[in-house]
Amino acid sequence: MEHSLNNSRDSELLARASKVVPNGMWGHMATRAIGPGYPQFFSKSDGCRVWDAEGNEYIDFMCAWGPNLLGYKNAEVDAAALAEIANGDINNGPTEKMVELAELFVDTIDYADWALFQKNGTDATTTCVTIARATTGKRKILVARGSYHGAVPWCSPSVVGVTTEDRAHVILFDYNDATSLDEAVAAAGDDLAAILLTAFRHDLNRDQEMPDPAFLRHARSICDKTGAALILDDVRAGFRLDVRGSWAKHRVKPDLGAYSKAIANGWPLAAVAGSRRMLDGASKIFTTGSFWYGSASMAASIKTIGILKETDALAHIEAMGARFRDGFASIAKGHGFVLHQTGPVQMPMLRFQDDPDLRIANAFCAAALRYGIYLHPKHNMFLCSAHQADDIDQALEAADKAMKDIAHLRGA
Ligand code: PMP
C-alpha cells in the first residue's frame with residue numbers, strides 16, 4: 001500500500017471548512033498542530049485501520065487519540081450501545097444502565113466506592129477539582145508542569161482568552177520530583193485542596209516517564225497528612241494499562257480518578273470515580289450536562305469493561321506493543337538512527353535523538369503516511385486489541401521503507 005501525497009478531497013474539505021469554522025479546524029487536528037502531510041478528514045474506520053477522505057487506508061496507531069481500545073466498530077460493544085439506542089438513548093433521566101455501570105466501576109477500580117458519568121475528559125478532571133475543593137474547603141490545586149488535563153481556562157495549555165484569576169489557585173511542580181512537590185505544598189500553605197497527577201508522564205514532545213512509586217507514595221502521604229485529595233487523571237491511560245486503575249500495580253490509591261477516552265470504546269463517556277472520603281463533597285456539588293444520562297455509551301462501557309475482565313485483550317495489547325517497540329528499535333538501528341521509545345508499550349512514544357525542531361520526526365511520519373501507517377511525531381500513540389501480529393509486521397515493513405527514505409537526514 002503506497003499513497004500519493006495528493007489528497008485533494010482533504011484539501012477541498014479544509015477549504016470549505018475554513019470559510020465556516022475558525023481556522024478550518026480546532027484543537028489537535030488544526031493545521032498548526034499536526035505535522036505536514038497529515039490528512040485532517042476521515043471517511044471510515046474498522047478494527048485498527050482508518051481511511052482518509054480520499055479513501056487511502058492506514059494502519060492506525062492513534063486509535064482516535066485513545067478511545068479505540070478494542071478495535072473501531074467492535075461488534076459486541078456497538079451491539080450493546082445500539083440496543084439502547086433502539087429503546088431511546090436520551091430520556092428525561094438515565095436507564096438502569098447507569099446503576100449497573102456505577103456498580104461495575106466500584107467492583108473493578110481498586111479505590112472506587114462510587115462513580116458518576118459525564119462526556120469528556122475535561123468534565124471529569126474539572127469535576128475532580130471541584131469535589132476536592134468541596135471536600136476540603138481549600139482552594140489550591142497542585143498540577144505537574146507540562147501535564148495536560150483539558151482545554152478549559154483552569155488547565156488549558158494556551159493562555160489566550162484565559163485570565164490570571166482563572167489560574168489563581170493552581171501551583172505547578174515537576175512530575176516525579178519530590179522536592180519540587182514539597183515546595184509547591186509549602187507554597188499552598190494551609191489552603192491545599194488537591195495534588196493532580198496523570199497516570200504517568202505523557203507530556204507532548206518529550207520522553208515519557210513512568211511514575212516513580214516512591215514519588216506516588218510521597219504524594220499520597222502528603223494528602224493523608226493534610227486531608228487534601230490525591231487526584232489521578234487517568235483520562236488518557238485509563239483501562240488501557242490496567243482495568244483496576246493505572247496505579248493499582250504501584251499500590252497507591254488516589255482519592256479521585258478522572259476517566260474518558262477508552263472506557264466505552266469510542267462511545268462518548270467520561271467518569272469520575274472516588275473513595276468514600278470524597279463522597280460527601282461529591283454529593284454536595286452541582287454537576288450535570290445535557291447528554292450525561294445517555295444510556296448507549298453506558299451500555300458500551302459495561303460491555304467494554306466486561307470484555308477487558310473476561311478476555312486477554314489487555315495482555316494482547318501489551319504483547320503487540322512490545323512487538324512494535326522491538327521492531328522499531330531494530331529498524332532504527334539498521335538505519336543508524338538513535339530512537340527514544342519511552343513509557344508503556346501500549347502507548348508508544350517515538351522521538352529521534354538530536355531532533356529539536358522535529359525535522360526528522362516530521363519527515364519520517366510523513367513518509368510513513370505514504371506507506372500506509374498513521375503515526376504521530378510528538379504525541380504518544382496508542383495500540384488496541386484489534387492490532388494483530390500481521391498488522392504490526394506490515395506496519396514495521398512500512399516504517400522500514402519510511403526510515404530508508406529519510407536516511408539522508410541522519411546527522412544532517
Ligand atoms: N486529561 C488527559 C490526561 C488527557 O489526555 C485529556 C485528553 N487528551 C484530557 C484530560 C481531556 O480530555 P477531553 O479532551 O476528553 O476533554
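General observations
- Number of residues in segment 93-119 that are touching a residue at least 24 places away in the same chain (Cβ under 8 Å), farther than 22 Å from R251 by Cβ and open to solvent by 40 Å² or more (accessible area, probe 1.4 Å) equals 5.
- Test: A151 is within 16 Å of the ligand (Cβ to nearest atom), in contact (Cβ under 8 Å) with a residue 24 or more places away in the chain and crowded, with 16+ Cβ neighbours inside 10 Å: no
- Evaluating G245 against the criteria (1) touching a residue at least 40 places away in the same chain (Cβ under 8 Å); (2) of a type outside the set (F, W, Y); (3) on the phi < 0 side of the Ramachandran plot leaves one unmet condition, (3).
- Here the condition is being open to solvent by 10 Å² or more (accessible area, probe 1.4 Å) and within 16 Å of the ligand (Cβ to nearest atom); of R220, R236, it holds for R236 alone.
Listed here are the residues, each with its yes/no results for (1) away from the ligand (no atom under 16 Å from the Cβ); (2) outside the structural domain of A398 (by TED's automatic domain parsing); (3) within 21 Å of L375 (Cα to Cα); (4) in contact with a Pro (Cβ under 7 Å, 6 or more places away or on another chain).
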position	(1), (2), (3), (4)
E12	yes, no, no, no
S18	yes, no, no, no
R32	yes, no, yes, no
G35	yes, no, yes, yes
F41	yes, no, yes, no
D46	yes, no, yes, no
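- In segment 326-349, the residues that are among the aliphatic types (A, V, I, L, M) form Cβ pairs under 8 Å with partners that are surrounded by fewer than 19 Cβ atoms within 10 Å (Cβ to Cβ) and part of a strand (DSSP E or B), at six or more places apart or across chains, as follows: A329/Q341; M349/H340; M349/Q341.
- Pick from segment 120-130, criterion open to solvent by less than 60 Å² (accessible area, probe 1.4 Å) and of a type outside the set (S, T, Y), ranking: nearest to the ligand (Cβ to nearest atom): G121
- Any hit, segment 188-196, residues being open to solvent by 40 Å² or more (accessible area, probe 1.4 Å) and either within 16 Å of the ligand (Cβ to nearest atom) or part of a helix (DSSP H, G or I) (or both): no
- Residues of segment 333-369 classified as small (G, A, S) and within 20 Å of F382 (Cα to Cα), total: 5
- Count of residues meeting criterion [within 12 Å of the ligand (Cβ to nearest atom) and either over 16 Å from T126 (Cβ atoms) or open to solvent by 50 Å² or more (accessible area, probe 1.4 Å) (or both)] in segment 154-167: 1
- Yes/no for S297 being outside any strand (DSSP E or B), touching a Phe, Trp or Tyr at 6+ places or on another chain (Cβ under 6 Å) and under 28 Å from C48 (Cβ atoms): yes
- Scanning segment 102-115 finds one or more residues that are within 20 Å of the chain's Cα centre (by Cα), at pLDDT 95 or above, in a loop (DSSP other than H, G, I, E, B) and β-branched (V, I, T).
The values are calculated or read from the model by the stated rules, or taken from the named source; none is laboratory data. In this text, all values refer to a predicted model and were calculated from it rather than measured experimentally. Methodologically, a virtual Cβ is constructed for each residue, glycine included, from the backbone with ideal geometry; neighbour enumeration extends over all protein chains shown. We work out accessible area using only protein heavy atoms, side chains counted, and drop any ligands, DNA or RNA first. Shrake-Rupley method; radii C 1.70, N 1.55, O 1.52, S 1.80 Å.
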